[in-house]
Amino acid sequence: MNFLNPPKELKIIIDSEKIDFLIKSKRNYPKKKSVSLLFFSFFWIAFTSIFVFAFLGPIFKGKEVHFSSNNIAVVASPENLEPLLIPGLVIGLFLIVGIGMLIWAIILFFQDGAYFVGTKTRLIKFRKGNITIKDWEQFTGSINIKSNGNYGDIELELRTGKMKSRKNRSDVFIPDIIYISQIENVFNIEKKCRIRIKENDPTPAITSGSL
């Protein structure tokens, strides 16, 4: 099993199966995923803060806030905060969402990696007692690699996923992804995954005689 000594629970799962590879990733998700979410959360919070200052800034200074609701002029003041109740709740909700995304981005950035085991029929992920097992036939065969020399990330696309609605356009299918992030010998591991996915492909091969 290479030079790694996997946890006892993982050894039990593997049992007597012959393994193709046993690796431990340094990260649970690619750095780009957490960084992108981090920047988006900063943008979200900054944008929401504009409305916070616009509505509440004058109140903190003892001034009035003038705005319209349903084409009716509304005035709020430190002595009359009721008109700000609904706008404040909406803005607060958006602010909480932004803070939630920021916290989640930080968590993703610092999450430790996981053990990955490839056998003839399945891919096993083990992280802090949580186990994910996917048969190779569940993968589409679409694989993305981000590498820096012989070191990098692998993204394996699954046949499962969800539909995402788009305004004025048809819905689009977003596949689930298995991330194997920051590993050595990334090209060797990708090659082994690709071979097993192809061997276990449930899609019948189309030959010229079938046309």
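Using the Kirkwood radius over C-alpha pairs as Rh, can you work out the diffusion coefficient of the chain via Stokes-Einstein at 37 °C, viscosity 0.692 mPa s, in µm² per second?
D = 154 µm²/s.
Quick one: Debye curve from the C-alpha atoms of the range 6-50, no solvent, what's log10 I(q)/I(0) at q = 0.16, 0.27, 0.30 Å⁻¹?
At q = 0.16, 0.27, 0.30 Å⁻¹ the computed log10 ratios are -0.63, -0.96, -1.03.
Which of the aspartates and glutamates could a cross-linker span from LYS26 if the Cα-Cα distance has to be under 18 Å and same-chain partners fewer than 8 positions apart are dropped?
ASP112, ASP153, GLU155, GLU184, GLU190
Using a 10 Å Cβ count of at most 16 others and DSSP loop calls, identify the longest part of the chain lacking such GluC sites (Glu not before Pro).
Free of exposed loop sites, the longest segment is 80-211.
Before anything else, pin down the relative contact order of the chain: Cα pairs under 8 Å, at least 6 apart, normalised by residue count, whole percent.
It comes to 23 percent, rounded to a whole number.
Quickly estimate the mean residue ellipticity at 222 nm for the chain, helices only: each DSSP H run with n ≥ 4 gives -39500 (n - 2.57), and the total goes over all residues, rounded to 500.
-12500 deg cm²/dmol
DSSP loop chymotrypsin sites (Phe, Trp or Tyr not before Pro) in the range 1-53 with at most 13 other Cβ atoms within 10 Å of their Cβ, which ones?
PHE3
Excluding residues on the same chain fewer than 8 positions from LYS31, give the lysines whose Cα lies under 25 Å from its Cα.
Qualifying lysines at Cα under 25 Å: LYS125, LYS128, LYS134, LYS146, LYS162, LYS164, LYS191, LYS192.
Could you state how much accessible area SER147 has, in square angstrom rounded to the nearest 10, with a 1.4 Å probe and all protein chains kept in place?
We get 60 Å² for SER147.
Please sort through the DSSP H helices of the chain and keep those with an alpha-carbon extent of at least 27 Å along the long axis and a Kyte-Doolittle average not below 0.5.
Qualifying helices, which must be both long enough and hydrophobic enough, are 31-60, 85-110.
The values are calculated or read from the model by the stated rules, or taken from the named source; none is laboratory data. The structure displayed is predicted, hence computed values, not measured ones. Heads up, the Cβs are rebuilt from the backbone with ideal geometry, glycines too, and the neighbour counts pull from every protein chain shown. For the accessible areas, the whole protein counts, side chains as well, though only heavy atoms, and no ligand, DNA or RNA atoms are used. Shrake-Rupley method; radii C 1.70, N 1.55, O 1.52, S 1.80 Å.
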